[in-house]
1. Hey, got a sec? Which trypsin sites (Lys or Arg not before Pro) in the range 1-70 land in a DSSP loop and have at most 11 other Cβ atoms within 10 Å?
2. If I stretch the segment between residue 51 and residue 11 completely, what's the gain in nm (0.36 nm per residue apart, minus their alpha carbon distance), one decimal?
3. In nm, to one decimal, how far is the residue 19 label point from the residue 4 one, both placed 7 Å along Cα→Cβ?
4. Would you kindly give the portion of the calculated P(r) for the chain that falls above 15 Å, as a percent of all Cα pairs?
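Throughout, read-outs are computed from the coordinates displayed, never taken from laboratory work. Owing to the predicted nature of the structure, the values given are computational and were not obtained by experimental measurement. Positions of Cβ are backbone-derived with ideal geometry, glycine not excepted, and every protein chain shown enters the neighbour counts.
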Amino acid sequence: MERDGQLELYDRVAARLKDAHRTVRDLQVPEDVRRALTRRLLVITAASKQDLPGAARRLERLMADVDEGRLPSDITGGHDGTP
């Protein structure tokens, strides 16, 4: 059972990451902001290999910030799990 739950979480995180990359790509923001957001998504992707639940939480926080208009210049370092 534990394995099934992990696979479901993996599928959800993978789909959410794909959507997040699409969202970031489509944002009407300066290129440096887009690069910073993409970098954060790549960090979350790498983290998902070691800590899938933690990566899912960081991804949700990052995308909530983006949805609310809090972009990298407004987000304090480490809020999404990146240094």
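1. Numbers: sites: 3, 12, 16, 18, 22, 25, 34, 35, 39, 40, 49, 57, 58, 61, 70; in loops: 49, 70.
Passing sites in the range 1-70 are 49.
2. Values: separation 40, 0.36 × 40 = 14.40 nm, distance 1.43 nm.
Extra length from residue 51 to residue 11 when fully extended: 13.0 nm.
3. 2.4
4. I get 54 percent for the Cα pairs in the chain exceeding 15 Å.
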